[in-house]
Amino acid sequence: MIDLRSDTVTKPTAAMRQAMATADVGDDVYGEDPTINQLELRAARILGKEAALFLPTGTMGNTIAIKLHTEHGQEVICESRAHILNYELSMMAWFAGCVARAIHAERGLLTWRQIEPEIRKLGPHCAPTGLIEIENTTNMAGGCVYPLAQIREIAEGAHAHNLKVHMDGARVFNAAAALGCTVAEIVAPVDSVMFCLSKGLGAPVGSMLAGTRNEMDRGRLLRKRLGGGMRQAGVLAAAGLIALEQMPARLAEDHQHAKALAAALSGCPGVKVESPVETNIVIADVGKSKLTAAAFSESMRQRGILFNPISPTKIRMVTHMDVSAADVNTSIAAINEALHA
Ligand code: TLP
């Protein structure tokens, strides 16, 4: 099967498995796992932040970040398709006691002009804003990338209101590959950032949260509270180190593949690709084609290609390191077969 459901489906490379087998480990709850310590140092260095924390999932990273920056009864401003709002089982409410103030933005990219009027102060009817969250790249808006100046403007505006900015950078390395800049340049203005080792970077497990040393020390305790004290998890961090050091360089290839899939979809009658494809995610509306999203997905599954419908009319395809150029060509032929009359 060619699996375009997500970049989470990648299998660890031979080098990752080798590193996992030979990793130096210790008890990370005592802070004694040398491989995790090395990964946290490297991630902090690459991101240009004081410290980083190794976590089992991106959801845990976002959950901890929201808890670090907010108090119960506050609002978190985010985009209406944000992962924290739609796909994290209301963890911002469950763990941090916050509600989302969602704003719909073109291509999922919030602007300061949209955010500022939504900032609320505590009043007889209003819960105050506690945090601004931006997702880069924008998963369900089609893998779009925040321009650097837009991030800077949001952070400057937020800081002038004494508000912090958290970036859900699950795919921030894809953003850097698309912009041709470093991840550190992208995240410099924001207060904290989460990124996933287990998506485009190909590690089997793991995400990182980065911010100040003090926040990461507090975050370590929140991670334990959430059941994320992982003991000899250096076997996982070993794969994460390879993901971090070796995999960003190949992400541009995934972006080329996504563009090719998008071009094929756009050429089919009644199909509209949502946003110009900049990274590894393609979202297409097939509502005016001859198939529903579910029927299109099922007919492609029968041709050996997997992807998910994300609404009655929309589908998402995600490219990653386990999808080759030949797989893309096979997928394009199948798209044409399924959608042309
Ligand atoms: N996204 C997954 C699904 O949960 C939808 C996917 O297949 O894309 N932030 C963003 C922007 C994400 O896309 C994801 C995962 C997460 C956070 C959460 O990461 P995990 O799955 O490690 O908790």
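No lab work stands behind these numbers, since they all come straight from the coordinates. Please read all numbers here as calculations on a predicted model, not as lab measurements. Because the Cβ atoms are built from the backbone with ideal geometry, glycine has one as well, and the counts that use them run over all protein chains shown.
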Here the FRET efficiency for H125 versus R213, based on Cβ atoms and R0 = 30 Å and rounded to 0.05, is 0.20
Stretch gain in nm, segment A93-K288, where the contour uses 0.36 nm per residue and the Cα spacing is subtracted: 66.5 nm
Of the beta bridges DSSP finds with both residues in region 83-216, what % are antiparallel, to the nearest 5? 40 percent
For T8 and H161, what does the FRET efficiency come to when R0 = 41 Å and r is the distance between their Cβ atoms, rounded to the nearest 0.05? 0.70
Gained length - Q114 relative to C181, 0.36 nm times residue gap less alpha-carbon distance: 21.5 nm
Once amide H atoms are placed 1.01 Å from N in the peptide plane, what residues at a sequence separation of 5 or more from C144, or on another chain, have their amide H within under 5 Å of its amide H? T138
In the chain, what percentage of the DSSP-assigned beta bridges are antiparallel, given to the nearest 5? 50 percent
For the pairs K11/K199; K199/K224; K259/K290; K11/K224; K11/K49; K49/K121, note any where the Cα-Cα span goes beyond 19 Å. K199/K224; K259/K290; K11/K224; K11/K49; K49/K121
Cα extents of region 7-246 along the principal axes, largest first, in whole Å, come to 57, 37, 28
Over the alpha carbons of region 1-111, what is the largest minus smallest coordinate on each principal axis, giving the biggest first in Å? 46, 42, 27
Residue-span extension gain [R45 to Q18] - 0.36 nm each, minus C-alpha spacing: 7.3 nm
